[in-house]
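**Q** Have a look at this one.
The values are calculated or read from the model by the stated rules, or taken from the named source; none is laboratory data. The structure displayed is predicted, hence computed values, not measured ones. For neighbour counting, all protein chains shown are included, and Cβ atoms are generated from backbone atoms with ideal geometry for every residue, glycine included. Please note that ligands, DNA and RNA were not included when accessible areas were found on the heavy atoms of the full protein model with its side chains. Shrake-Rupley method; radii C 1.70, N 1.55, O 1.52, S 1.80 Å.
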Amino acid sequence: MTTVQTSVYEPLTEPKAVSLAVRLGLFRDGAPLLCREIGDGNLNLVFHIVDQETKQGVIIKQALPYAKVVGESWPLTLKRAVIESNALRTFASYVPQYVPKVYYSDESLAITVMEDLSRLQIARKGLIEGKTYPLLSQHIGEFVAKTAFYTSDFGMNQQEKKKLAQSFVNPELCKITEDLVFTDPFFDHETNNFEDELRPDVEALWRDDRLHLEAAKLKRKFLTEADVLLHGDLHTGSIFVSADETKVIDPEFAFYGPIGFDLGQFFANLLLNALSRSELERQPLFDHIDRTWDVFASVFSTLWRTESVETYAATPGLLEDVLWHAFIDAVGFAGCEVIRRTIGLAHVADLDGIEQKEVRLAAKRHALRLGRRLIMERREFTGTEDFRRLFAETER
Ligand SMILES: Nc1ncnc2c1ncn2[C@@H]1O[C@H](COP(=O)(O)OP(=O)(O)O)[C@@H](O)[C@H]1O
Ligand SMILES: CSC[C@H]1O[C@H](OP(=O)(O)O)[C@H](O)[C@@H]1O
């Protein structure tokens, strides 16, 4: 992987980001450059630099030595920038159509310079506005299938896979997910954040020993199954989209983990959007879940049958077993994500943006019931239509 080390770390400002872009020769001499810091995520700075004449732009993303959402009291490794640029490059070797181009990265400065995707819209924002994006699920299904297969022991040399997995060991970012997704929301932890009115519902989760056992099994999978290279945080805020294009960004949580995790995060964030919509407007979200799974299963199966490097791939029943576990794990992971986005540290605008308090609280109570049953009943799922059934059964 070609990441260079040039300078001593310092957080960029808008003028410094411009100077860096000029120094890197990203723009023609004398170009009138405009720079804005546009980061709206929880962790990093994102500088958008545009040549005002040609309208061509680049993005410089820089990690801060702490989590931006909390502040300097939560130190966080700068190495996540290297993970992010390397993950984007690795994904680009399999699915270049679904990730931004990386132009340059610098480990010391913790920066990734990449393609400006401002022509597209962040999927979460568009979905909140009621847009549907007909190709979103086809593209994400293919993205997950190809990146999962080609980074697995079935799609690449098994010795090379171990080396690749080593280069994506990402303990600090994984710890965030272990805590914020799999642990804190299930206990009375200081990171949790929810409206007082939800306390009885939340305390019921904290007392639920059966739920704790199932959440623990899912967390154990996340901790121990180094199966495929994951994006690691594949929510709808990590996806740029339009009617015909899809680009996955922000893989700083990338690591080798269980195959169902990215699918589960994506399903959950579609469900979180469905929870914010009236009944009549939910169908496109469920259709996206169906199509994501169908495309994933079909592309993954074709690659398995035609390109596998593992002798046992042809063993009758093995592919079906892999797909089945990927699916029920994804259902359980989705349940954890729905719960943590409702009562944990990092919320989503889909639910928090519901203006009427009673409607918002009803949607959040629905989310907690849905999330719990996704976790508890994942093994009874026979297909993606069960998401619709469970969503309806948990409405009241
Ligand atoms: N390649 C890009 N092109 C245009 N805008 C981008 C690009 N990458 C990030 N952004 C903008 O910056 C925001 C935060 O980026 P993100 O990678 O999600 O940061 P964080 O890691 O802090 O969550 C995105 O929501 C988007 O608005
Ligand atoms: C303190 S990190 C919280 C939360 O933020 C990350 O998302 P993003 O980088 O897209 O803003 C990730 O989901 C973490 O769990």
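**Q** Residue 47's amide H: which non-local residues (gap 5+, or another chain) put their own amide H closer than 5 Å, with H modeled 1.01 Å from N in plane and none for Pro or chain starts?
**A** Distant-sequence amide H within range of residue 47: 38, 60, 61, 62.
**Q** Summing Lys, Arg as +1 and Asp, Glu as -1, what charge do residues with Cβ under 13 Å from the Cβ of residue 146 carry, residue 146 excluded? Mind dumping the intermediate values first?
**A** Numbers: positive: none; negative: 142, 262, 307.
Residues close to residue 146 contribute a combined charge of -3.
**Q** Can I get the semi-axes of region 140-224's equivalent ellipsoid? Compute them from the C-alpha gyration tensor as square roots of 5 times the eigenvalues, in angstrom, largest first.
**A** Working: eigenvalues 241, 37, 32 Å².
They are 35, 14, 13 Å, listed largest first.
**Q** Now for a different question. Which value, in debye to the nearest 20, gives the size of the charge dipole of region 117-233 about its Cα centre, when Lys and Arg are +1 and Asp and Glu are -1 at the Cβ?
**A** Dipole of region 117-233, to the nearest 20 debye: 800 debye.
**Q** Please compute the length gained on full extension between residue 245 and residue 359, using 0.36 nm multiplied by the number of residues separating them and subtracting their Cα-Cα distance. It would help to have the intermediate numbers written out before the result.
**A** Working: separation 114, 0.36 × 114 = 41.04 nm, distance 3.33 nm.
Computed gain between residue 245 and residue 359 is 37.7 nm.
**Q** Also: If I model a spin label as a point 7 Å beyond the Cα along the Cα-Cβ vector, how far apart are those points for residue 279 and residue 380 in nm?
**A** 2.2 nm
**Q** Could you check how much of the accessible area of region 119-392 is carbon and sulfur, as a whole percent, using a 1.4 Å probe?
**A** On region 119-392, the fraction of accessible area on carbon and sulfur atoms equals 52 percent.
**Q** If you stretched the chain out fully between residue 195 and residue 217, how much longer would it get, using 0.36 nm times the residue separation minus the C-alpha to C-alpha distance?
**A** Numbers: separation 22, 0.36 × 22 = 7.92 nm, distance 2.83 nm.
Length gained between residue 195 and residue 217: 5.1 nm.
**Q** What's the Cα-based Rg to Rh of region 50-93, Rh via Kirkwood?
**A** On the way: Rg = 14.6 Å, Rh = 12.7 Å.
Radius of gyration over Kirkwood radius for region 50-93 works out to 1.15.
**Q** To the nearest 20 Debye, how big is the dipole of the chain about its Cα centre, given +1 on the beta carbon of each Lys and Arg and -1 on that of each Asp and Glu?
**A** My answer is approximately 260 debye.
**Q** Per 0.36 nm of contour for each residue apart, how much would the distance between residue 162 and residue 208 grow if the chain were fully extended, relative to their Cα-Cα spacing?
**A** On the way: separation 46, 0.36 × 46 = 16.56 nm, distance 3.81 nm.
Between residue 162 and residue 208, full extension yields 12.7 nm more.
**Q** What value does region 250-302 have for Rg/Rh, both radii from Cα atoms and Rh as Kirkwood defines it?
**A** On the way: Rg = 13.2 Å, Rh = 12.5 Å.
With Rg and the Kirkwood Rh in hand, the quotient comes to 1.05.
**Q** Whenever you get a sec, compute what percent of the accessible area on region 12-113 sits on carbon and sulfur atoms (1.4 Å probe).
**A** On region 12-113, the fraction of accessible area on carbon and sulfur atoms equals 53 percent.
**Q** Sticking with this one: Using the 2.2 N^0.38 Å rule of thumb for compact globular proteins, work out how the chain stacks up: its C-alpha Rg over that value, please.
**A** 0.98
**Q** Further question on the same structure: Just to be sure I understand the rule: take each whole DSSP H helix in the chain, project its Cα atoms onto its long axis, keep it if the span is 15 Å or more and its mean Kyte-Doolittle hydropathy is at least -0.5. Which ones pass? Working shown, then result.
**A** Details: long enough: 80-94 (21 Å, 0.07); 136-150 (21 Å, 0.29); 209-224 (22 Å, -0.63); 260-275 (22 Å, 1.01); 283-307 (35 Å, -0.24); 318-343 (38 Å, 0.86); 357-376 (28 Å, -0.31).
For the chain, where a helix must reach 15 Å along its axis and average at least -0.5, the hits are 80-94, 136-150, 260-275, 283-307, 318-343, 357-376.
**Q** Of 356, 322, 332, which is farthest on the positive side of the dipole of region 317-396, counting Cα position, with +1 on Lys and Arg Cβ, -1 on Asp and Glu Cβ, and the Cα centre as origin?
**A** About the Cα centre, the residue reaching furthest to the positive side is 356.
**Q** Which one, 41, 62, 83, projects farthest toward the positive side of the charge dipole computed for region 12-113 from Cβ point charges (K/R +1, D/E -1)?
**A** Projecting each Cα onto the dipole axis, the largest value belongs to 83.
**Q** Would you mind giving the average projected area, over all directions, of the Cα convex hull of region 12-113 in nm² with one decimal?
**A** 6.8 nm²
**Q** Any idea how far the Cα center of region 318-382 sits from the one of region 199-242, in Å?
**A** 9 Å
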